[in-house]
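Report on one structure; see the data block that follows.
The values are calculated or read from the model by the stated rules, or taken from the named source; none is laboratory data. Bear in mind the structure is a predicted one, so any value in this text is a computation, not a measurement. Glycine also receives a Cβ, built like all others from the backbone with ideal geometry; neighbour counts cover every protein chain displayed.
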Amino acid sequence: MITIAWRSLATRKLAILAALISVVVGSALVTATLLVAGAQERQGTASVTSWRFGAVDAVVKPPASVTLTSGLKLDLPSMPRLSPAQIEAIRDAPGVTSIALEPPFPAYLVNSDSTMIGDAFTRSWGHPWSTAIADGATVAEGREPMTARDVVVDESVATASGVSVGDEVRIQLATGTEKFTVSGIARRAGEQFEHALFFNGETASRFGGAPIMALVSTTDTAALRAAVPRLEVITGKARAGSLQLDLRQAELAGGSNQFLMVIAFLALTIAMFVISSTLTVSIGQRRRELAMLRIVGTRSRLLRGLITWEAIFIGAFGGVLGSGAGIALAEVARRFFVSQGLMARGATVSAEPFALLMGIGAAVGAALVAAWLPACRAARIAPLEALRESDVPAGQAGAGRSVFGWVLLTAAAVCMAGALAIGGPVATAGGATALLLVVTAFLLFIGAAVLLGPHLLRGVLTPLGSFLRRWFEGFAAERSIRSDLRRAAGVSVPLTLLVAVSAVLMFQDSANYQARAQVYAGQVTADAVVSGGVQLGVPLSAINAIEQVPDVAAASASVSSRLVIDTPPTMRSNGTVTGVDPAGFSKVLTYDVISGSWADFGEHSIGVSQIVAEEKQWRIGDTVTFLYPDGTPGSAVLSTTYRDLMGVNDMILPVSKLAPHLLEPYASAVYVAIKPGADQDTTLAAINDELASVAPGAQATDRNKHLAQVATQAGGDNWIIQLVVVILGGYAGVSAVNVLVSFTMSRRREFALLRLAGARRSQVAKSLLVESLLLATTAVVVGSTIAAVTMVGYGYLLTDTIWLPFVGPSFVAIIACAYLAAAVGTLAPARTAMKVGALEAAR
């Protein structure tokens, strides 16, 4: 049977090309996403930091994680600091010859045009010069910092800013902007992932506070470990990953690959349906061959085995080719994601056996699953009816196929009804279950559409029948489709996937944005908002300057991080926290109060969202215990619970309590209330004048302009979703073209008979165009319906209202691509198929 299957494939090289291309592309996508997703995890944080600390023997620092009640470890949002007692224990450890403390702090060199060296992707940090020495840095020009007003800049800063030794520069710190003199330019080995500025020890301690680590030279590391059992003593190559200050890069390096895994899952799902439809069309074109095998006595079991082994060969061969292509694709994707700041810059792609085997296995598995239904259908051909069956295609869908399709449709409806009954918000356990039901319903809807394809086609043709039969091209197109509804349905499946998957991805992104924008616009009541340059944030020192403006009534910063809230133990062990000014907060931001009052929110209070309060069973007046971002224990009295349907702000604390526990205490925004009757433009100009000296790059705008800017930034961020749509939708589109090409090329005999009957080539071409438009219309209607129902359910989970997040231009582009794929896949090969002489093709 294996030999027969191989020979069968060998004689049909062109016929299996469509299926092979689908398998190769699907395998390449799965392999590439797995390789990219695992690229960073293999190397850890050492690949995204330039610090190596090869000039010292050990790096000692507090653990950057906590153990939850469940026993699991949770990474802290910010680096913990060493206490004075711990520092003394390190100094007194046997064998220690020297110790240098590292208290990093944000420090940005300001150019003469008030722009800063550093952005959201390459942060700038200040360090003591002793840290540079521990890392093996040298002074390329000038000298080390000796006075309180000296600074040494690394070569990346000098190159970007053009400063030289002896220049006086402004440096923005969390406490304001101060002037320093460049005493030297440092040179460090390797790729630089941050802009480093070096100060003398006293200056660094003043700005950085308590150190986060100690850089130790010792003759006895074992004794050092014994002396500080609760601290991490890092030696050898692991020293290179000990200082990771870019939290964005650290998060990416820590395995932020869920997005890529979703792509891999969608690619595998699409591959399953595409390969199935491709094999359905391919087997439908082999009725005569299969009929002859049945006539000569081939058993149903052997026929199923033949098709199964063909699928294995196609899957294995395509999987090997696809996995090889996936390696190159992964490297291209890595470079692209790194350039866009979506992946850690030190990540590298290598041919991991697991990812390659998964790519091949996915291809073989998809081909086997996809071939199961066509194989069963082919094996059911009765020997005495085989030849008749081969010449007269089946126009009706099989009973089993129809029943199973209706079962899937019913199951999808039940899942969607269950999701609507459970409701949101998505941040709760019930909301997560409802979201899972919506995703399940989407997949079931697609499966039902695939199985019920003949019925759906008939549903589109029935109302159009009288119109189509008025002219030859329409009549020929309708009859061609009705003559074999199953094969026509197999052709429309990739187009349905193209529309459904692309629309859901685009609408889902729009739903998140629109819902968040509505919530944010409703919360902001401030007259003006101060934002930092290039997403760096606003130093908290700017608040004092803003409050000095005469017509400013109130100002409140908004500082974001996370708290560990493992007490009492529940499914939620941490949550987002926003630091605000209790005095001015209620004048510039509004949160719907469920219980308590914002008037009671003070320096020792905490506000908690209704979702978190109900899960933790907290009540007004309770003392809430938590861990600050750096692991320091904290507590506050619950004064207010508020509504937060999207789970964006789990808790609210006074900024004075939160900021000291952050390495980078910058506000994402400062909200300003202007006194009644004051001229807004004049006040904004005065605020910006104050900001020019304390926070270069920060800008105050009125509320409406700020919301418009937020809308523009959020709208521009969806390019990554568009990229996914292009990748997955393009895969479905290319597969649709392949299927249509194979389908059209197999109908040479039909075209010849039409020409013998008197039809001109132009008439045959027009009938094919009408046929492709009908198939595309069916796919558009079905795919759009699936996407609309899915997104109505998703929108309900976000807002508790029935609405459809619709993106007109994107939807029009998706529909246009579906029709273009149908037209190209039909008309391009039709010209070749009709070149054969009518009498010759009709033999």
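For region 513-545, taking the residues that are within 31 Å of the chain's Cα centre (by Cα) and part of a strand (DSSP E or B), the one that is nearest to A107 (Cα to Cα) is identified as P539. Looking only at region 94-103, decide whether some residue is part of a loop (DSSP other than H, G, I, E, B) and either touching a Pro at 6+ places or on another chain (Cβ under 9 Å) or surrounded by 20 or more Cβ atoms within 10 Å (Cβ to Cβ) (or both). Yes, the conditions are met somewhere in region 94-103. When you look at I594, is it touching a helix residue (DSSP H, G or I) at 6+ places or on another chain (Cβ under 7 Å) and either crowded, with 16+ Cβ neighbours inside 10 Å or closer than 30 Å to R230 by Cα (or both), yes or no? It is true that I594 is touching a helix residue (DSSP H, G or I) at 6+ places or on another chain (Cβ under 7 Å) and either crowded, with 16+ Cβ neighbours inside 10 Å or closer than 30 Å to R230 by Cα (or both).
If a residue counts only when it is closer than 30 Å to I543 by Cβ and hydrophobic (A, V, I, L, M, F, W, C), which strands (runs of 3 or more DSSP E) contained entirely in region 135-253 have at least 2 such residues? In region 135-253, 150-154, 168-173, 176-187, 195-199 are the strands (runs of 3 or more DSSP E) which contain 2 or more residues that are closer than 30 Å to I543 by Cβ and hydrophobic (A, V, I, L, M, F, W, C).
Per this entry, S668 is not counted among residues that are in contact with an Asp or Glu (Cβ under 7 Å, 6 or more places away or on another chain), polar (S, T, N, Q) and either at pLDDT 90 or above or closer than 16 Å to G579 by Cα (or both). If you go through region 164-184, how many residues are over 13 Å from Y108 (Cα atoms) and either buried (at least 20 other Cβ atoms within 10 Å of the Cβ) or among the hydroxyl-bearing types (S, T, Y) (or both)? The number of residues fulfilling the criteria is 5.
Within region 643-659, being in a strand (DSSP E or B) and crowded, with 22+ Cβ neighbours inside 10 Å holds for M651, I652, L653. Which one is farthest from M646 (Cα to Cα), of the residues in region 462-512 that are assigned to a helix (DSSP H, G or I) and of a type in the set (D, E)? So the residue we want is E473. Hey, any hits in region 400-413 for a residue that's under 25 Å from the mean Cα position of the chain (by Cα), surrounded by fewer than 21 Cβ atoms within 10 Å (Cβ to Cβ), part of a helix (DSSP H, G or I) and at pLDDT 70 or above? No, every residue in region 400-413 fails to be under 25 Å from the mean Cα position of the chain (by Cα), surrounded by fewer than 21 Cβ atoms within 10 Å (Cβ to Cβ), part of a helix (DSSP H, G or I) and at pLDDT 70 or above.
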